[in-house]
Amino acid sequence: MPELPEVETVRRGLQPVMEGARVLKVEARRPDLRFPLPENFAERLSGRRIVSLGRRAKYLVVSFDCGPLLICHLGMSGSFRIEAAEGTSRPGAFYIDRSRNLQHDHVVFHLASPGARGTTRVVFNDPRRFGFMLFADDPDRHPMLAGLGVEPTGNELGGPLLAGLFRGRKAPLKAALLDQRLIAGLGNIYASEALWRAGLSPRRQACTMAPAAGRSHQRASRLAAAIRSVIADAIEAGGSSLRDHAGADGRPGYFQHSFSVYDREGEACRRPGCSGRIRRIVQAGRSTFYCPACQR
């Protein structure tokens, strides 16, 4: 499942083509993805101008000059492909030929983009059909977005805030990091990587991030900084390409080459001076990778 950095990479790839563009028409080549497409989906989008392309957690949010927002989720295998009117794609330097089978091209947006010659197509391809597109009149009240926690990309996520979120929570720290009601968009890969950077065990109780009154927020501040840095580094690298992820221009992400613990079971810890080896455990049905020697 793409995590926040992968979705942000896709957003940045689509933004120059989509923002300010007029939707000439929409082809909905099937009535549903994971969920049924909204009623009159193509008709309600045709003729509207795209004002902005944003992201909330792992969701793309398209705002128009009128009408509801469009919420998009990539699911397990969803991707967007940008094509010129004559059918040529716009590949990056390290192009991955993603699924081009027309039976998996489920939604096609025909756009008149500012400054572009002719029309541009933005194609949503999803072999497994776990992605979805839904309308939202009020994003703060939509079931997919309501109740999401703080974004881990800015300075809002600091030690005092993190300590407050975890106060009284006896769940393992890794499980608390994956609670989307607390921190939105943080997934399995980057939670493991952030905990390694902070030198904190995924097994420790989340409430240990909340110090007693008058005590320092040192642990929580260290973890908050690690979360922000790992997300920033992953976005800069274009995310992590493990199976299905590639940007809108076809380029893969490269952060998987910088993993310190994820998917490195049995390998030597990369922290200078540490002689430990990476261990894999299962927490809530998901793999956690960490170094038991230096993560306490």
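The values are calculated or read from the model by the stated rules, or taken from the named source; none is laboratory data. Keep in mind that this is a model prediction, so the values were computed, not measured. A quick note on method: Cβ atoms are made from the backbone with ideal geometry, for glycine too, and the neighbour counts reach across all protein chains shown.
What about residue 127, is it assigned to a loop (DSSP other than H, G, I, E, B) and either touching a helix residue (DSSP H, G or I) at 6+ places or on another chain (Cβ under 7 Å) or not small (Gly, Ala, Ser) (or both)? Taking the combined requirement at face value, the residue satisfies it. The set of residues in segment 39-51 being over 13 Å from residue 22 (Cα atoms) and either surrounded by fewer than 16 Cβ atoms within 10 Å (Cβ to Cβ) or of a type in the set (Val, Ile, Thr) (or both) consists of 39, 40, 43.
Remark: residue 193 matches the filter, which requires a residue to be buried (at least 18 other Cβ atoms within 10 Å of the Cβ) and of a type in the set (Asp, Glu). Give the number of residues within segment 277-296 that are over 14 Å from residue 198 (Cα atoms), of a type outside the set (S, T, N, Q) and exposed (fewer than 15 other Cβ atoms within 10 Å of the Cβ). Of the residues in segment 277-296, 5 are over 14 Å from residue 198 (Cα atoms), of a type outside the set (S, T, N, Q) and exposed (fewer than 15 other Cβ atoms within 10 Å of the Cβ).
Give the residue, chosen from 251, 215, 222, 243, that is modelled with pLDDT of 95 or more and of a type in the set (Lys, Arg). Of 251, 215, 222, 243, the one residue that is modelled with pLDDT of 95 or more and of a type in the set (Lys, Arg) is 222.
The selection criterion, being at pLDDT 95 or above, over 16 Å from residue 295 (Cβ atoms) and surrounded by fewer than 17 Cβ atoms within 10 Å (Cβ to Cβ), holds for residue 179.
Take the conditions more than 22 Å from residue 286 (Cβ to Cβ) and not small (Gly, Ala, Ser) and apply them to residue 219. Does it pass? The answer is yes for residue 219. Among the candidates 158, 185, 131, 147, the residue that is more than 16 Å from residue 2 (Cα to Cα) and in contact (Cβ under 8 Å) with a residue 40 or more places away in the chain is uniquely 158. Of all residues in segment 133-143, those being crowded, with 17+ Cβ neighbours inside 10 Å and under 27 Å from residue 176 (Cβ atoms) number 2.
Among the residues here, residue 233 qualifies as of a type in the set (Asp, Glu), modelled with pLDDT under 95 and on the phi < 0 side of the Ramachandran plot.
Say whether the condition of being assigned to a loop (DSSP other than H, G, I, E, B), touching a Gly at 6+ places or on another chain (Cβ under 6 Å) and closer than 21 Å to residue 237 by Cβ is met by at least one residue in segment 108-119. Within segment 108-119, none of the residues are assigned to a loop (DSSP other than H, G, I, E, B), touching a Gly at 6+ places or on another chain (Cβ under 6 Å) and closer than 21 Å to residue 237 by Cβ.
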